[in-house]
Amino acid sequence: MIRIVTFHPRRADHASVSEHWRSYASPLVAPGQAVERSIAWPSQAQIPGVPSSPFDGAVESSWFDTAADAAAAYGAASMGDLAAEADAANRWACETNTMIGPRTSYVMESVKVMAFLRRRPDISYEAFQEHWRDRHAPLVAGLPHVLRYAQTQPLAEHYRSGRQPLFDGIAELWWPTLDAVSEAWRSPQMEIDNSDMAHFSGGGLYFFLAEERTQ
């Protein structure tokens, strides 16, 4: 399935923005086109010592059966045209692969952490994805208390359009509680994971704690 994700820059009045998002999620999606609609936004809590995201949140506006359906919903003739639009840096068409846990995009009564990754400038997009998928994901499986882990990658059309996506991937992880997040972050396995990041990820790694609601 094809997923459309739009990033929204952080504003000073974060608390009011988060409340506003709770009430205006539906107008952000393409009416009648999505098979599933959801919205995620960061809570005000942050992980100590971890760089926070420059965004107030990521709107997961629509899920589509095909790339053609996604492009048509946004008034584009093709996915390539959609990727080439002026705001394409902040809006992705992407695919999500569940690496650990249930395939559902929503885990009840859990804490979600979203990590935004950029690849190293000396490696290709394909090499970045291969290492992230085949070598790094098994390391994440060793983190304590992880309920679910998913990787989201921009479609190749974003790179062919000549417009570099804002990020080369989003890692989404769910834990049962905030204390479980903190325990995982202090674990020896997290040190191993972080060391491996240097092999494929460059600068611009951001995190936020997110709440998730499906519309």
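Could you grab the pairs with beta carbons closer than 6 Å, sequence gap of 6+ or different chains, first residue in the stretch 64-76 and of a type in the set (A, V, I, L, M), second one assigned to a loop (DSSP other than H, G, I, E, B) and buried (at least 17 other Cβ atoms within 10 Å of the Cβ)? Partner pairs satisfying both residue conditions: Ala73/Ala30; Ala73/Gln33.
Considering the stretch 163-177 alone, what residues qualify as being surrounded by fewer than 20 Cβ atoms within 10 Å (Cβ to Cβ) and either of a type in the set (Lys, Arg) or modelled with pLDDT under 85 (or both)? Talk me through it step by step, then tell me what you get.
As a first pass, look at the stretch 163-177 and keep what is surrounded by fewer than 20 Cβ atoms within 10 Å (Cβ to Cβ): 163-164, 166, 176-177.
Within the stretch 163-177, Arg163, Gln164, Leu166 meet the criteria.
On the given criteria, is Pro144 more than 16 Å from the chain's Cα centre (by Cα), modelled with pLDDT under 90, farther than 23 Å from Thr6 by Cα and not small (Gly, Ala, Ser)? Against the criterion (more than 16 Å from the chain's Cα centre (by Cα), modelled with pLDDT under 90, farther than 23 Å from Thr6 by Cα and not small (Gly, Ala, Ser)), Pro144 does not qualify.
Candidates are the residues of the stretch 178-204 that are crowded, with 17+ Cβ neighbours inside 10 Å and among the aliphatic types (A, V, I, L, M); the one that is farthest from Ala137 (Cα to Cα) is Ala180.
The values are calculated or read from the model by the stated rules, or taken from the named source; none is laboratory data. Remember, it's a predicted structure, so these values are computed and weren't measured experimentally. So basically every Cβ, Gly included, is an ideal-geometry build from the backbone, and we count neighbours across all protein chains shown.
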